[in-house]
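Only one structure is covered here, and it is reproduced in the block below.
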Amino acid sequence: MAVYLDHAATTPMRTEAIEAMVDAMRLVGNPASIHSAGQQAKRVLEESRERIAATLGVDGIEVVFTGNGTEAVNLAIKGLWWSRQADAGSDGSGPRPRPRLLVPAGEHHATVDTVEWLAVHEGAIVEEVPLDSVGRVRLDEFERMLRRDAASVALVTMLWANNEVGTIQPVEEVARLTAEVGVPLHVDAIAAYGQVPIDVRGIRRATAAPRGAGLVALSVSAHKIGGPAGIGALVLDRSAALEPLIHGGGQQRKVRSGTQDVAAAAAFAAAAEAVHETLHADAERMAALRDRLIAGALAAVPGVRLSGDADRAGRLPGNVHFSFDGCEGDSLLFLLDAAGVAVSTGSACQAGVPEPSHVLMAMGRSEADARGALRITLGHDSTEADVDAFLSALPAAHAQALKAGLAARSTSFDR
Amino acid sequence: MSGGVDSAVAAARAVEAGHEVVGVHLALSRMPGTLRTGSRGCCTIEDSMDAQRAANVLGIPYYVWDFSERFKADVVDDFIAEYSAGRTPNPCMRCNERIKFAALLEKALALGFDAVATGHYAKITTDGAGNRELHRASAEAKDQSYVLGVLTSEQLAHAYFPLGDTPSKALVRAEAAERGLSVAQKPDSYDICFIPDGDTKGWLAERVGTETGDIVDRSGAVVGSHEGAHAFTVGQRRGMRLGTPAADGKPRFVLEVRPKENTVVVGPKEALATALIAGSRFTWAGLAPADPSTAFACEVQIRAHADPVAAVAVLEADAAGTPELVVTPETPLDGVAPGQTAVIYVGTRVLGQFTIDRTVSAVPVDA
């Protein structure tokens, strides 16, 4: 029986979500149609939107469905970028009035590649906020960068929790600083959603966010919480102006045109609700499994280091990330896979194009460390037996991976 | 599995032979290029996907292993260094020697595998005493024993070439189609994989720069100029743009490249004839001859697709006392460049290989 410990890549669809999806697929009707069939579809869609909104501390109207999490991140960053330039009187020609983007190092590629695109095509000046050694944004540095001419900052974007090493970011502190200086903040909460509580309005209130500033946008994805792949959402505060990326029929406040996927939304809502009903208990349970897995691995093999925050409160409950000295992560992955245990060397987006993790590099780790990286992530259905299976497969896999060691660099066949 | 038809069919045959097979695609570049370069380039995203689709059809696991650093150091940088030194290297050979049957093989053995199987056209046989021998493939036109000539007996012991006995590539394609492999009609790759547009000259110029130098004849008289000696290879005729014709009116060929002086020497075709080649960097593919210091008959081949030429080989000490393999062909070889690999055959068997360090022309300078 295969053991699945790569829930951060994607997690099994929940039964509630599958059932909701199949039920909604039987409905006829475009939610934008005026007749009764359309109204029925619209009702399911909007109820779903509201149920998702409730898990994020916002109203339904503030939830914009997208094709996936990456689209939500693109929409937030590019959309806010353009509206912030227009808002400062730019007609699109000449130098940008607000050229600066403050972005922590070690963000997901959805962000990294989007801001890079803005730099190349739109004259954005991307300023990288450094991370500390556990992968947390350096608030002191961030504040210094933000306050140095805040008026020139288009927006700030950051992860709620790092998708590779699981470090939870100081979102509320960053939200407070951005609220104070009147700059909008987008948070990519795709890895965090369903593992830690998220309350957008709560944060806006606590940080006294003015209109259009502070935490205004937040991205989530359904398939990371047991919903289907192919649907994500951007939470967009009512007060935030944002240029759309996709034009057409004007659906979803004209922010994202295109016929909406009622069945996917229904499944997303079912998963979101199910996850949040038992969020705290599941997080406790996962964290206990996580801690047992960490302790077990550290005791089982030499030369293994935990990356990210060792403090249990600072780390996603389902995330474990190790570096194994003298091993290649892909050797370990292969050997564990052969033993029936599925893990990851990093984020799945990079699979096939091996690169040392930019997250670990941003945390000041060496390329060798990055090469020996392995991410093990738990989900709501992970069990003690899964952890046992990993821990029992690890020593043999590790010994053999050590032997394979650095064959990529020098071998006995060299002459 | 490169994503080509040969490695896909090789994998299929290995599976069918009852082996436990895992497909591995080598990531040889951190910059995987773009789509639609097709088979031009062994490290593109499309090739990796083709390889994975073949593995799916065969029902075997598939992984991408990163050898990009080793590949850059041992193959790409070596290629640039060799050209800069006026030699003509064979990067495919270097890749077999240092990557596929060294880095990859070592890693595979350590991970518990027994052998690396590839889609190369060559045969491995075992003699009565259990020694491995490397032989030419049944498909003469596709024979790749030349580029495998660098393998030693330790490497041959763990190499497996399931296509060696197939009489033609057409049969391999037909088999691929029959097996439902989507790469059955994928074009062959001919170019150097890390130069996907095939423009070796331009690629080298970008990396080693251009510098105007002289083109001289064998008497030393300047007959033209060039933009960098690295762009020339011995035996080349085109691309010199010599304004003045030779005294005898015959076309001129590159006879020698002198990188230190950034000079290219040209002369008539006859002057390309090489009477002797020698090199001190040699290996034996399997058992070494019992007494290589006694001259022995063999055939020598100096390019992947050149005809073999009957020759006599002997291991001697060079001027500095270093053992050197000296090969005298029965008829002169044409267009030999230092840095090229000479592979020695006895019948179909690959005996060994050496890198050509020095040559002796068959035609004296004033001929």
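List the relative contact order of chain A as a percent without decimals, with contacts defined as Cα pairs under 8 Å and 6+ residues apart.
Relative contact order for chain A comes out at 22 percent.
List the residues, sorted by chain then number, that are 5 or more residues from A:D199 or on another chain and whose placed amide H is less than 5 Å from its amide H.
none
Quick one: angle between helix A:36-56 and the longest Cα principal axis of chain A, in degrees between 0 and 90, rounded to 10, please.
The angle comes out near 60 degrees.
What does the charge add up to near A:V115, with Lys and Arg as +1, Asp and Glu as -1, over the other residues with Cβ less than 15 Å from its Cβ?
With Lys, Arg at +1 and Asp, Glu at -1, the neighbours total -2.
Pull up all non-local amide H partners of B:G224: gap of 5 or more, or a different chain, and H-to-H distance under 5 Å with H placed in the peptide plane.
B:I215
Return the single residue from A:A295, A:A339, A:A192 with maximal mean-square fluctuation; model: Gaussian network over chain A, springs between Cα atoms under 10 Å.
Highest fluctuation among the options: A:A295.
So what's Rg/Rh here for chain A, counting alpha carbon atoms and using the Kirkwood radius for Rh?
0.99
If amide hydrogens are placed 1.01 Å from N in the peptide plane, which non-local residues have theirs closer than 5 Å to the one on B:R358?
B:A278
List, in order, the whole-Hz ³J(HN,Hα) value for each residue of the range B:134-143 obtained from phi through the Karplus relation with A = 6.51, B = -1.76, C = 1.60 and θ = phi - 60°; use x for Gly and Pro.
9, 10, 4, 6, 5, 7, 4, 5, 9, 3
Over chain A, with a Gaussian network built from C-alpha contacts below 10 Å, which listed residue (A:A179, A:A32, A:A267) shows the highest mean-square fluctuation?
Top of the fluctuation ranking is A:A32.
Can you tell me the orientation of helix A:69-87 relative to chain A, as the angle in degrees between its alpha-carbon axis and the longest Cα principal axis, to the nearest 10?
50 degrees
Explain nothing, just the number: relative contact order of the range B:273-361, from Cα pairs under 8 Å at least 6 residues apart, as a whole percent.
Worked out over the range B:273-361, it gives 43 percent.
Starting from the range B:287-367, pick out the GluC sites (Glu not before Pro) whose DSSP state is loop and whose Cβ has at most 11 other Cβ atoms within 10 Å.
Listed in order of number, the matching sites are B:E330.
Quick one: what do you get for the range B:273-361 if you divide its Cα Rg by 2.2 N^0.38 Å?
That works out to 0.97 for the range B:273-361.
I need the P(r) histogram for the range B:161-272: all alpha carbon pairs, bin width 10 Å from 0 out to the longest distance, whole percents.
Calculated P(r), rounded to whole percents: 12, 31, 19, 15, 16, 5, 0.
As a test, work out the antiparallel percent of DSSP beta bridges whose residues both lie in the protein assembly as shown, rounded to the nearest 5.
In the protein assembly as shown, DSSP labels about 70 percent of beta bridges as antiparallel.
Looking at the protein assembly as shown from every direction and averaging, what is the projected area of its Cα convex hull in nm²?
40.8 nm²
Show which lysines lie in cross-link reach of A:K78 when reach means a straight Cα distance below 22 angstrom and same-chain residues fewer than eight apart are skipped.
Hits, sequence-local ones excluded: A:K254.
Report the local net charge at B:L26: Lys and Arg +1, Asp and Glu -1, summed over other residues whose C-beta lies under 11 Å from its C-beta.
Its environment carries a net charge of +1.
With a cut-off of 8 Å between alpha carbons and a minimum separation of six or more residues, what is the relative contact order of chain B in percent?
With pairs under 8 Å counted, the relative contact order is 16 percent.
HN-Hα J couplings of the range A:118-134 from phi, Karplus 6.51/-1.76/1.60, θ = phi - 60°, integer Hz, Gly and Pro as x?
Coupling constants for the range A:118-134: 5, 5, 6, 9, 10, x, 6, 10, 8, 10, 8, 7, x, 9, 8, 6, 9 Hz.
Answer with one residue from A:L45, A:T15, A:G67: the one whose Cα lies farthest towards the positive end of the charge dipole of the range A:10-82, charges on Cβ with Lys, Arg +1 and Asp, Glu -1.
Positive-most Cα among the choices belongs to A:G67.
As an exercise, take the mean of 1/r over every pair of distinct alpha carbons in chain B, invert it, and state the Kirkwood radius in angstroms.
This gives a value of 22.0 Å.
When Rg is the radius of gyration of the Cα atoms in the range A:253-348 and Rh is its Kirkwood radius, what does Rg/Rh come to?
Value, to two decimals: 1.12.
Over all alpha-carbon pairs in the range B:140-223, figure out the percentage whose distance exceeds 23 Å.
57 percent
Using a cut-off of 18 Å between alpha-carbon atoms, which aspartates and glutamates can reach A:K42, once sequence neighbours fewer than 8 places away in the same chain are excluded?
A:D23, A:E50, A:D59, A:E62, A:D261
Treating the Cα atoms of the range A:306-396 as identical point scatterers in vacuum, please give the log10 of the normalised Debye intensity I(q)/I(0) at q = 0.15, 0.20 Å⁻¹, two decimals.
For the range A:306-396, the Cα-only Debye profile gives -0.59, -1.05.
If one takes the longest principal axis of the Cα atoms in chain A, at what angle in degrees, from 0 to 90 and to the nearest 10, does the Cα axis of helix A:171-181 lie?
40 degrees
Find how many whole Å separate the alpha carbon centroid of the range B:202-258 from the alpha carbon centroid of the range B:133-200.
If we compute the Cα centre of each part, the gap is 34 Å.
I'd like the trypsin sites (Lys or Arg not before Pro) in the range B:249-340 restricted to DSSP loop residues with at most 14 other Cβ atoms within 10 Å, sorted by number.
B:K260
Would you mind checking the radius of gyration and Dmax of the range B:5-178 based on alpha-carbon positions, in Å?
Cα only, the range B:5-178: 16.2, 49 Å (Rg, Dmax).
Using Cα centres only, tell me the gap between the range A:252-328 and the range A:45-64 in whole Å.
Taking the Cα centre of each part, the range A:252-328 and the range A:45-64 sit 22 Å apart.
What is the antiparallel percent of DSSP beta bridges lying wholly in chain A, to the nearest 5?
Close to 50 percent.
Using each residue's phi in the range B:290-306, evaluate 6.51 cos²θ - 1.76 cosθ + 1.60 at θ = phi - 60° and report the 3J(HN,Hα) Karplus result to the nearest Hz, with x for Gly and Pro.
Each residue of the range B:290-306 in turn: 4, 9, x, 7, 9, 3, 9, 7, 7, 10, 10, 10, 10, 8, 4, 10, 7 Hz.
Please compute, for the alpha-carbon atoms of the range B:210-271, the extent along each of the three principal axes and give them in descending order in Å.
Computed over the Cα atoms, the extents are 30, 20, 19 Å.
Please build a GNM for chain A, connecting alpha carbons under 10 Å apart, and tell me which residue among A:G89, A:G226, A:G194 fluctuates the most.
Among A:G89, A:G226, A:G194, the largest GNM mean-square fluctuation belongs to A:G89.
Since every read-out is calculated from the coordinates, none of them should be taken as a lab result. Not measured: the values here are computed from a predicted model. For neighbour counting, all protein chains shown are included, and Cβ atoms are generated from backbone atoms with ideal geometry for every residue, glycine included.
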